[in-house]
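Nothing in this text is a laboratory measurement; each read-out follows from the coordinates by a stated rule. Please read these numbers as outputs of a predicted model, since none were measured by experiment. Glycine also receives a Cβ, built like all others from the backbone with ideal geometry; neighbour counts cover every protein chain displayed.
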Amino acid sequence: MKLIDTSVVSSAVGYPGLAHNTSAQVGIDFLQQALLDMANAFALALLPIGFTYGQVFVIYGCGQVGSTINGGAIWYNGEVFLVPAQTIHGTSTPFIGSAVIANATDVGANQTVLSDGSTVSMHHQRTVIFEYNALPNMGCPLSAYIFALPDYQTWNMDIAVQTLQTQVATIITNISTMVSTYNAAIAALNTTVAALSVPPLILSSTLASIGINSTSYIQLSGLYVTTPNDGITRNYMIYFKATSQCSNGSTNSYANIRLHNITSSVFYDTTQGGKDNGTNTDVYFIGLNMLDYRTIGPNETIYVEGQDGGTNITLNYCDMRFVELK
């Protein structure tokens, strides 16, 4: 801002147009301070919460494009300073290294002749200029360097707003990602709930009675299941139970039972029935059981196969079940 240097005025050296005494000096300072106070009051109304004396606040303008600074104004330590449009001097990067207040003589104002006949420059233009070094070389007379800022970007509100906008955009993106993730999780949960609401698939095969008369494993006709041909691979709990019966006169006879996936050529669990007690009466062996867990694809056929270790083995109450696990 413009400033009249009244330090050269005293009771012995007066200012033209005013009495040459101390009260005249006070009057000039009073008027000038009143203008400073008024500008400072308006600036304080604009300052954000947390700004204090010693910090710099951009009132308007002062945007940077490369090495060019747009015109504007700043507030610093209770005073408003104009920032002329300028090109930063120097060749290093980043373009802005320091900012200084230039207290330059106003070349448009005549020098003042005081009452003692001395000629002085009392009228100054105080502006902010930028350089890479603490002492700029602007090609104009400078009488004082009030302060230096190591990094103009720390107080440039335009850059601060851009940074805030970037941060807000990042937050919005993160929120959008969280919402998408949440929606995907809800969709997956709904799919799971829908799947659980469907009763599990149960495949079964039963026979009242079937005989085994082979020392090699043979398929037991009628005791098989085929998984649905729907393209879905499922987990199953497999359960088989039966009773084995040895006929009269047979001794040391037993039955081996296994499950055979004839589609994928995989054998599942195996169990064995009991032995005859050597008497001439029929003997039943309760508890010929089998339990297994398998992952089975669509359209696969699983048979019960049996082997007679002696003679005349009969399986009664045969029951095989495939229960889908979810």
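Observations on the model:
- Among residues other than N261 with Cβ under 12 Å from its Cβ, the summed charge is -2 (Lys and Arg +1, Asp and Glu -1).
- Length gained on full extension, N183 to D269, computed as 0.36 nm times the residue gap minus the Cα-Cα distance: 26.7 nm.
- Chain lengthening between I232 and N77 when straightened (0.36 nm per residue, less Cα-Cα): 48.2 nm
- Highest-first arrangement of 196-208, 293-305, 224-236, where packing means the average Cβ count within 10 Å: 293-305, 224-236, 196-208
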